[in-house]
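The values are calculated or read from the model by the stated rules, or taken from the named source; none is laboratory data. Bear in mind the structure is a predicted one, so any value in this text is a computation, not a measurement. Virtual Cβ from ideal backbone geometry, glycine too; neighbours counted across all protein chains shown. Surface accessibility is based on the protein's heavy atoms, side chains included, excluding ligands, DNA and RNA. Shrake-Rupley method; radii C 1.70, N 1.55, O 1.52, S 1.80 Å.
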Amino acid sequence: ASTASNPSKSLKTFGENIWKTKTAKVNAELFTLTYGSIVSQLTNDYQRDYAKINNQLYAMGISIGTRLIEDFVARTALPRCENMVQTSEVISKVAFVVFLNINPQVTNWSNNKDAFSLILDENPLSDFVELPIDAMKDLWYSNILCGVLKGALEMVQLDCKVWFVSDILRGDPHTELRVKLNRVLKDEIPAGED
Ligand code: MYR
């Protein structure tokens, strides 16, 4: 009955069940520390040029996202979304639950429903992290997440802009990630495969 009366809640339950049954659990602290050491390595490599570090994290995310989407589609077998409202639900209630075991709140819709924000009350990438003062202003510590979403969405024909609006690591009240649809890509048949 709950499925019929509240499909929105059941989508989250669906995500939670996949997390419980089909996800190889990685120790949360190890995951956080591993990501931290990547950021710290980049900080050395790029000599604290935070614009470059943000770009590099984003690029790493894209290459992860383009692979992760296959795994996501295979594990969830969900039907394709018909609009960004559905896409936002799948991202927040299924994708984030399956991969990070968090359920960000979807909010701040644009009037024409082509852009929304995800509020991350928890962020496993940045647990226990404190930024040095010089990084606080310029580094988007979790920028890899924007790249992951960008890469994954592009693989399902959604050309989106994905960026952080704020981050509690920088002293902001919330961590807010924004997704804006640029355009729906046409299925382009790669040359030689038609
Ligand atoms: C659609 O069918 O158009 C919607 C599909 C949404 C897929 C979103 C997949 C995101 C996968 C990676 C997210 C990782 C977040 C930690």
Exercise. How many of the residues making up the range 143-160 are of a type in the set (A, V, I, L, M), near the ligand (Cβ under 8 Å from one of its atoms) and not in a strand (DSSP E or B)?
Worked result: 6
Problem set entry | Leading residue by the ranking (surrounded by the fewest Cβ atoms within 10 Å (Cβ to Cβ)) among those in the range 56-87 that are hydroxyl-bearing (Ser, Thr, Tyr) and near the ligand (Cβ under 9 Å from one of its atoms) | THR76
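Taking the condition of a type in the set (Phe, Trp, Tyr), touching a strand residue (DSSP E or B) at 6+ places or on another chain (Cβ under 6 Å) and either more than 27 Å from ASN182 (Cα to Cα) or modelled with pLDDT of 95 or more (or both), does PHE116 pass?
Values: of a type in the set (Phe, Trp, Tyr): yes; touching a strand residue (DSSP E or B) at 6+ places or on another chain (Cβ under 6 Å): yes; either more than 27 Å from ASN182 (Cα to Cα) or modelled with pLDDT of 95 or more (or both): yes.
When the stated conditions are applied, PHE116 passes them.
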Exercise. Looking at ILE119, ILE53, which is the one that is open to solvent by less than 60 Å² (accessible area, probe 1.4 Å), at negative phi and free of Cβ contacts under 8 Å to residues at least 60 places away in the same chain?
Worked result: ILE119
Exercise. Does VAL106 satisfy the criteria of being within 12 Å of the ligand (Cβ to nearest atom) and either modelled with pLDDT of 95 or more or touching a Gly at 6+ places or on another chain (Cβ under 9 Å) (or both)?
Worked result: no
For this session: For residues that are closer than 18 Å to LEU11 by Cα, surrounded by fewer than 19 Cβ atoms within 10 Å (Cβ to Cβ) and among the hydroxyl-bearing types (Ser, Thr, Tyr), tally how many sit in the range 91-116.
Result: 1
Seminar exercise, completed: Cβ pairs under 8 Å, 6+ apart or interchain, first in the range 89-116 and more than 14 Å from GLU16 (Cβ to Cβ), second within 13 Å of the ligand (Cβ to nearest atom) and open to solvent by 70 Å² or more (accessible area, probe 1.4 Å), ordered by first then second residue, are LYS113/ASN83
Problem set entry | Where ILE102 falls short, out of the listed (1) in a loop (DSSP other than H, G, I, E, B); (2) within 23 Å of ARG183 (Cα to Cα) | (2)
Exercise. Within the range 12-71, which residues are within 19 Å of the chain's Cα centre (by Cα), under 19 Å from PHE164 (Cβ atoms) and of a type in the set (Val, Ile, Thr)?
Worked result: THR32, ILE38, VAL39, ILE53, ILE62, ILE64
Exercise. So, in the range 3-50, of the ones that are under 30 Å from ALA74 (Cα atoms) and assigned to a loop (DSSP other than H, G, I, E, B), which residue ends up least open to solvent (accessible area, probe 1.4 Å)?
Worked result: THR23
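With the structure loaded, tell me whether LEU139 is open to solvent by less than 60 Å² (accessible area, probe 1.4 Å) and either β-branched (Val, Ile, Thr) or under 14 Å from the mean Cα position of the chain (by Cα) (or both) or whether it fails that test.
Working: open to solvent by less than 60 Å² (accessible area, probe 1.4 Å): yes; either β-branched (Val, Ile, Thr) or under 14 Å from the mean Cα position of the chain (by Cα) (or both): no.
No, not satisfied.
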Exercise. Which condition breaks for ASP127 when tested against (1) away from the ligand (no atom under 11 Å from the Cβ); (2) in a loop (DSSP other than H, G, I, E, B); (3) open to solvent by less than 10 Å² (accessible area, probe 1.4 Å)?
Worked result: (3)
